[in-house]
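One structure is given here, and the rest of the page talks about it.
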């Protein structure tokens with residue numbers, strides 16, 4: 001009987017140790033999962049930030065190119081208007097003076 005009681009006590013003790021080991025293992029695995037998740041998020045955030053910075057630089061370069069092209073077109077347009085204004089003034093003056101072209 002005594003041996004059976006000792007065996008049951010040892011069995012209960014072993015069950016408690018297994019239960020505690022299982023709890024620690026679950027906690028450790030949960031901690032590892034959380035650490036891996038945080039690491040993955042940090043890496044993804046860093047990659048995304050790099051891509052955003054690259055896209056921003058490309059957009060700024062494209063905006064500069066468009067702005068320069070717009071400025072060039074505006075200068076050409078202003079030159080054309082100026083030239084046409086001078087031509088119109090000369091034409092009006094010649095018509096007023098009775099000259100025909």
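Every read-out reported here was derived from the displayed coordinates using simple, explicitly stated rules and does not represent laboratory data. These numbers come from a predicted model, not from an experiment.
Tabulated values for the structure
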quantity: Shape parameters for the stretch 51-91, alpha-carbon atoms, Rg then Dmax in Å; calculated: 17.6, 59
quantity: 10 °C / 1.306 mPa s Stokes-Einstein diffusion coefficient of the chain, Kirkwood radius on C-alpha pairs, µm²/s; calculated: 70 µm²/s
quantity: Extended-chain gain in nm, criterion 0.36 nm per residue less alpha-carbon gap, residue 1 and residue 69; calculated: 14.4 nm
quantity: Gain in span if fully extended, residue 58 to residue 26, counting 0.36 nm per residue against the direct Cα distance; calculated: 6.8 nm
quantity: Equivalent ellipsoid semi-axes, the stretch 13-68, via Cα gyration tensor eigenvalues times 5, rooted, Å; calculated: 53, 4, 4
